[in-house]
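S.K.: Take a look at the following structure, please.
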Amino acid sequence: MIHSKGRFPSPPLGSILDRYLLALFSRVFVATLAVVVLLHLAGDLFNRVDNLMGSDATLSTSVQYFIHRLPLLVSRGIGFAALFAAFLTLGSLSRRHELVAIRACGLSLHRVTAPLLLAALGISVGTFFWNETAVPFATRTAKQIYDVKVRGKQLQSVFGNREIWMRSNGDFIRADDFDTDRDRLHGLVIYRITPEFKLGGVIEVPAASWDGTHWVPEGGTQWRLPEDGAVSRLPVGATLPLKEGPDDFRIFARSPDEFSYFELKARIGDLRNKGVDTVRDTVNLHAKVAIPLVIPLTILLAVGLATKPGRKDNLVVNFGLAVAFGFAYWVLLGFCVSLGKAGAMQPWLAAWSPNLLVGLLSLYLYTGSE
């Protein structure tokens, strides 16, 4: 009789087993990502079709807009695609009893799932660099196409990149930032220009809010510069001489997706030096790192759930679990980010709390799955 002398030695990373698992995971990941992106694209088309048709936008303009939307849609779908691919890969191994055969050879579940975790880490790093390169440029271009060619807005009055510069009734307006959530301008300066194109006065306001009809300043100073050189300093009136409303400034406001991590970090430093509140941008800065890094944690979660004793491969169940956990993460992230932007949580805690909770749950299930 032949007796086994113990477990087979664990194969090194990159073995035939690892390549087999990665091939299976990759096929499901790519297919799922393509489906998710197409669904996002269809939803985006449905939401914008009235504006596109109402503005008589050409087919070429519409195609250009949606092509430049693709990098952002890919970024948003990567996490769910990785989660679902892990569920389906492990479930498929269980259904065909391949997982039982592998473990009968003495390989631990942790060793079996190691290539999936490494793949998830690679996807996480790749997502971060994708968000740093393709997403900001494409998102800015898509917004410009939509605002200028579809909505008919004009951008030729903008001279700056970090600051807002525009012309209004012959005057020039500069603002450090525009808060789209509260319709509030920060660091506003109005340069009054005479018909002879000379500087006739300057209005400096630290902040101004929209009351529905006018911009209401929060303090500030008005300087008059007559031709005789007698400079006078006056208080600012109850409202500001601006005909532009929030929609005119909103076109210049950039969403977090239009910034790379380092661009947003530089913007925060610049606004802080000018005394502008940067809590919202700081929360978004932390989220740019936290969101890609949740992908390996969700893979741990998938391993812990998909390999539970008695679990059988079921496409509908796997899809439901992936949707449920993906939806729960985004709801939790949105809730924490809102608290962070409102000042109820520290910015770093608001962005990283969902990752911490998902990580604790994932580690608990993963360590108990062996």
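S.K.: Springs between alpha-carbon pairs under 10 angstrom, Gaussian network model over the chain: which of Gly229, Gly212, Gly326 fluctuates most?
M.R.: Fluctuation is largest for Gly229.
S.K.: In addition: Test of the criteria: in the range 219-261, which GluC sites (Glu not before Pro) are in a DSSP loop and have at most 11 other Cβ atoms within 10 angstrom of their Cβ?
M.R.: On the way: sites: Glu227, Glu244, Glu258; in loops: Glu227, Glu244.
Hits after loop and neighbour filter: Glu227.
S.K.: How much length is gained on full extension from Asp44 to Val148, taking 0.36 nm per residue of separation minus their Cα-Cα distance?
M.R.: Residue separation times 0.36 nm, minus the Cα-Cα distance, leaves 35.6 nm.
S.K.: Mean-square fluctuation check for the chain, GNM, Cα pairs under 10 Å: which of Val63, Val37, Val289 is largest?
M.R.: Between Val63, Val37, Val289, it is Val63 that shows the largest mean-square fluctuation.
S.K.: Once you keep just the Cα pairs under 8 angstrom separated by 6 or more residues, what percentage relative contact order results for the range 213-348?
M.R.: About 19 percent, as a whole number.
S.K.: Which value, in Å to one decimal place, does the Kirkwood hydrodynamic radius take for the range 1-151 when every pair of different Cα atoms is included?
M.R.: 18.3 Å
S.K.: Can you tell me how much longer the chain between Leu117 and Glu132 gets when fully stretched, taken as 0.36 nm per residue apart minus their C-alpha distance, in nm with one decimal?
M.R.: So the extension gain works out to 3.1 nm.
S.K.: Right, here's the next one. From largest to smallest, what semi-axes in whole angstrom does the chain give when each is the square root of 5 times an eigenvalue of its alpha carbon gyration tensor?
M.R.: So the equivalent ellipsoid measures 54, 22, 16 Å along its semi-axes.
S.K.: Please give, to one decimal in nm, the separation of the simple spin-label points placed at Leu199 and Lys274, each 7 Å out from Cα toward the Cβ.
M.R.: 1.7 nm
S.K.: Also, quick follow-up: Can you quote the Å³ per residue value for the convex hull of the Cα atoms in the range 192-315, rounded to an integer?
M.R.: Convex hull volume per residue, Cα atoms: 198 Å³.
S.K.: Ordering Cys105, Cys336 by how much accessible area each has at a 1.4 Å probe, largest first, what is the list?
M.R.: Reading off the accessible areas and sorting them downward yields Cys105, Cys336.
S.K.: Now for a different question. With a length cut of 24 Å (Cα positions projected on each helix's long axis) and a Kyte-Doolittle mean of at least -1.0, go through the chain and give me the DSSP H helices that pass.
M.R.: Span-like helices here: 16-54, 59-95, 114-144, 279-306, 315-341, 347-367.
S.K.: How much solvent-accessible surface does Phe87 expose, in Å² to the nearest 10, with a 1.4 Å probe and all protein chains in place?
M.R.: Accessible surface of Phe87 is approximately 0 Å².
S.K.: Between Arg19 and Ser232, what is 0.36 nm times their sequence separation minus the Cα-Cα distance? Round to one decimal in nm.
M.R.: 69.0 nm
S.K.: On to the next question. Given a 1.4 angstrom probe, what's the average accessible area per residue across the chain, in square angstrom?
M.R.: Solvent-accessible surface per residue comes out at 53 Å².
S.K.: A further question on this structure: Once every Cα of the range 330-370 carries one equal point scatterer and solvent is ignored, give the base-10 log of I(q)/I(0) from the Debye formula at q = 0.30, 0.32, 0.35 Å⁻¹, two decimals.
M.R.: Taken in order of the listed q values, log10 I(q)/I(0) reads -0.90, -0.97, -1.06.
S.K.: Still on this model: Please compute the modelled spin-label separation between Trp223 and Ala34, points set 7 Å along Cα→Cβ, answer in nm with one decimal.
M.R.: Here the modelled spin labels are 6.2 nm apart.
S.K.: In whole percent, what relative contact order does the chain give with Cα contacts below 8 Å and a gap of six or more residues?
M.R.: In percent, rounded to a whole number, it is 18.
S.K.: Just order 344-356, 91-103, 291-303 by mean Cβ neighbour count inside 10 Å, highest at the front, would you?
M.R.: 291-303, 344-356, 91-103
S.K.: Over the Cα atoms of the range 188-254, what Rg and Dmax result, in angstrom?
M.R.: 13.3, 42
S.K.: For the cross-link pairs Lys243/Lys274; Lys143/Lys265; Lys198/Lys243; Lys143/Lys198; Lys149/Lys198, which exceed 32 Å when the distance is taken from alpha carbon to alpha carbon?
M.R.: Long pairs (Cα-Cα over 32 Å): Lys143/Lys198; Lys149/Lys198.
The values are calculated or read from the model by the stated rules, or taken from the named source; none is laboratory data. Remember, it's a predicted structure, so these values are computed and weren't measured experimentally. When we count neighbours, we look across all protein chains shown, and the Cβ atoms used for this are built from the backbone with ideal geometry, even at glycine. Side chains included, ligands, DNA and RNA excluded: accessible areas come from the protein's heavy atoms. Shrake-Rupley method; radii C 1.70, N 1.55, O 1.52, S 1.80 Å.
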